[in-house]
2 protein chains.
Amino acid sequence: MSQPVPDNDISDLKTALAENADAVSEVLDEMLPVMDTPEARVVEAMRYAALAGGKRVRPFLVTQSARLFDVDPRAALRAAAAVEMIHCYSLVHDDLPAMDDDDLRRGQPTCHLKFDEATAILAGDALLTKAFEILAAPETHDDARVRSDLVLALAKAAGEHGMVGGQMMDLWAEENDLDVAQITRLQRMKTGELISVSAEMGAILGKASEDARHLLHAYTHDIGLAFQIADDLLDVEGDAETVGKATGKDAAAGKATFVSLLGVEKARQQASLLSEQAARHLELFGEKGDLLRQLARFIVERRA
Amino acid sequence: MSQPVPDNDISDLKTALAENADAVSEVLDEMLPVMDTPEARVVEAMRYAALAGGKRVRPFLVTQSARLFDVDPRAALRAAAAVEMIHCYSLVHDDLPAMDDDDLRRGQPTCHLKFDEATAILAGDALLTKAFEILAAPETHDDARVRSDLVLALAKAAGEHGMVGGQMMDLWAEENDLDVAQITRLQRMKTGELISVSAEMGAILGKASEDARHLLHAYTHDIGLAFQIADDLLDVEGDAETVGKATGKDAAAGKATFVSLLGVEKARQQASLLSEQAARHLELFGEKGDLLRQLARFIVERRA
């Protein structure tokens, strides 16, 4: 049975997302203590990038998937913080003048404008490195096999065959016309892999069965794509103030997106279909999967 | 007994360094297979940065310290390749226009000139990420505790309290006058931590005793500093063609170095003292430590 979410009930999700965001910020704050040595500036910049808020969707996927397997919440929060560090580093580097050259992120000056380019590069490098330090630390899990598997999964998702490869393909796409299959692959790498590994990390922490992992993977595969289509729609339909970053950039850059290739209406339908399909993958988990099901809906309906 | 190295005999070391460099390059080549997808450019840039040669001193420290504890050579080479990826990523990012703005590295155009800035940033990110992927992969060691410890040690050495922190302090030093204690701390972080962790990784792979680890740590502490002083001397006395990168930069930038603070003669003496002291820490290892002892000497006598 597909257990559809009632139309007007995502208040549980909003509460849970907010609580999760607070908890993740608290852990990140602990993990990046302020220093007063000459190199303190890089930690300041790491904190600026990591503690700027945001919905913390990836960490939410870690903690919620961990809940499915009764993982110690503290372990899940540490893994969640690691994933968020990877996400935040990628934003800092993507915003650099040599990359997307963005001035605004979550409504605030981007890291290289707040500090300087060199500090932003280093802060990104240090956040990326710190993510693996946190996962490999014994405090994250008693079982070293779990820690090692977390590192391996996250590194694969973030590296040249995952997020970084996606970013490279995105730069390539500025001078090449992509079709829907290529855009799907690009987005799968650029944003999808990190979304998928977030849920996978909950499963690794909980030593979940292969079946459960496959279902979670199918779920994240669908919400990842839905998330990206929703992002493309926001770029066309949103305004910078609500979205918290520049909009209309893709069209201005002549970049192919799901929306430019499919049109607004078909893109919206596709996102909805993916969202419904995602929810169905979670049937096995019963009520425990409710919030993840609501998330699949929320992702395509969000306005920021 | 201190087992001094005869004055004219470092030919064993030179042979061993060359063999090690070839073996490390081979493993790096295997780990970064050429692709033909749109994102292949980032792998090309990773290969350009990682396969450009160099003495591979850090990987040599991994494989030689691993030999002290009879580690499987293949495991040691994988760990060595991971350390070298971290070293190479740091060179790519340090050479960027926003950082040291260097045009020449190992006699070749720096990565951002050969490719472009965006690709160089991404290639650095991907090399950094790949290092942890390699260490966490089951192929590196059967024991997950070893893999997890390797990741933890390398991440700490490379992060905001290690190499990245050192690079940040180096930027700070451009506008602040450092004394010898501060320069020592800077260099300890910027280059020393990665040198130390290289030998430590051999010990982790070999599940070495605490005593053995402490001795190796003391050895790398000394050669790390000696290495840096020798680098400062080369910056003053070397020419770009032999050294393979721009020289005279520190003086031109008005940067304090060991040489500017101590003078050439005293700096040279200090490096020699450190090198001898380093060799003495290895007495426990007997003949097995010969090449590492020779390395301590080579480091302060090199001309490039």
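The values are calculated or read from the model by the stated rules, or taken from the named source; none is laboratory data. Everything numeric here is computed off the predicted structure, so don't read it as measured data. Cβ atoms come from the backbone with ideal geometry, glycine included; neighbour counts cover every protein chain shown.
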Exercise for review: Test A:D211 against the stated conditions and say whether it is away from every other protein chain (no Cβ under 14 Å), in contact with a Leu (Cβ under 8 Å, 6 or more places away or on another chain) and surrounded by fewer than 20 Cβ atoms within 10 Å (Cβ to Cβ).
Suggested key: yes
Review point. Is there a residue in the range A:174-188 that is under 19 Å from B:F132 (Cβ atoms), within 12 Å of chain B (Cβ to nearest Cβ) and surrounded by 18 or more Cβ atoms within 10 Å (Cβ to Cβ)?
Key: no
Point to revise | Condition met for A:G166 (more than 8 Å from chain B (Cβ to nearest Cβ) and among the small types (G, A, S)) | key: no
Practice item. Check A:A155 against each of (1) out of contact with any Phe, Trp or Tyr (no Cβ under 7 Å at 6 or more places or on another chain); (2) assigned to a helix (DSSP H, G or I) and name the one condition it does not meet. Key: (1)
Check your understanding: Looking only at residues in the range B:10-42 that are touching a residue at least 40 places away in the same chain (Cβ under 8 Å) and more than 21 Å from the chain's Cα centre (by Cα), which one is surrounded by the most Cβ atoms within 10 Å (Cβ to Cβ)?
Key -> B:V42
Check your understanding: List pairs: first in the range B:144-162 and under 19 Å from A:P38 (Cβ atoms), second β-branched (V, I, T), Cβ under 7 Å, 6+ apart or cross-chain?
Key -> B:A157/B:V197; B:A158/A:T129; B:A158/B:I86; B:A158/B:V164; B:G159/A:T129; B:E160/A:V42; B:E160/A:V43
Exercise for review: Residues being crowded, with 24+ Cβ neighbours inside 10 Å and aromatic (F, W, Y): count how many of those fall in the range B:110-165.
Suggested key: 1
Exercise for review: Evaluate the range A:85-93: report whether one residue or more is surrounded by 24 or more Cβ atoms within 10 Å (Cβ to Cβ), under 20 Å from B:A144 (Cβ atoms) and either more than 19 Å from the chain's Cα centre (by Cα) or among the hydrophobic types (A, V, I, L, M, F, W, C) (or both).
Suggested key: no
Practice item. Could you list, in sequence order, all residues of the range A:145-187 that are within 21 Å of A:P59 (Cβ to Cβ) and at pLDDT below 95? Key: A:Q187
Review point. How do the helices (runs of 4 or more DSSP H) wholly within the range B:207-267 filter down when requiring 1 or more residues that are at pLDDT 90 or above: which remain?
Key: B:210-237, B:258-262
Exercise for review: Please enumerate the residues belonging to the range B:58-99 that are farther than 20 Å from B:D170 by Cβ and of a type in the set (V, I, T).
Suggested key: B:V62, B:T63, B:V71, B:V83
Practice item. Could you please find all residues in the range B:98-145 being within 11 Å of chain A (Cβ to nearest Cβ), under 22 Å from the mean Cα position of the chain (by Cα) and part of a loop (DSSP other than H, G, I, E, B)? Key: B:M99, B:D100, B:D101
